[in-house]
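Heads up: the structure comes next, in structure tokens.
The values are calculated or read from the model by the stated rules, or taken from the named source; none is laboratory data. Model, not experiment: these values are computed from the prediction. To get the accessible areas, we keep the full protein, side chains included, count just its heavy atoms, and leave off ligands, DNA and RNA. Shrake-Rupley method; radii C 1.70, N 1.55, O 1.52, S 1.80 Å.
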Amino acid sequence: MTDDTSKPVEGEARRAEFRRRVIKGGKIVYNKRQTVIDCSIRDLTQGGAKLIRQSPQSLPRAFQLEFMDGNVRSCELRWGKGTVFGVKFLDP
């Protein structure tokens, strides 16, 4: 049996950072915390993440991503297709 986490994720060759496959819960927070949306975090790098939501509703250009461990990152929406979204982290 092989470990799939060592295989490159689709498009990995053009990325400057290694992308880890993860399955973590998170929350997309914006509108002065009046809007909080559950999401799954599926890929993660130091510079960004791939998020999956239950609905294809659009997201704002900038928001906070709250991880279940309490970590919070400021994000910029880079792309979206259906219920899958790519974000860039704005803070170090």
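Whole-Hz ³J(HN,Hα) for each residue in region 39-46, computed from phi via Karplus 6.51 cos²θ - 1.76 cosθ + 1.60 with θ = phi - 60°, x for glycine and proline: what do you get?
Once rounded to whole Hz, the list reads 8, 10, 9, 10, 10, 8, 10, 5.
Of Asp38, Asp69, which has the most accessible area and how do the rest follow, probe 1.4 Å?
Asp69, Asp38
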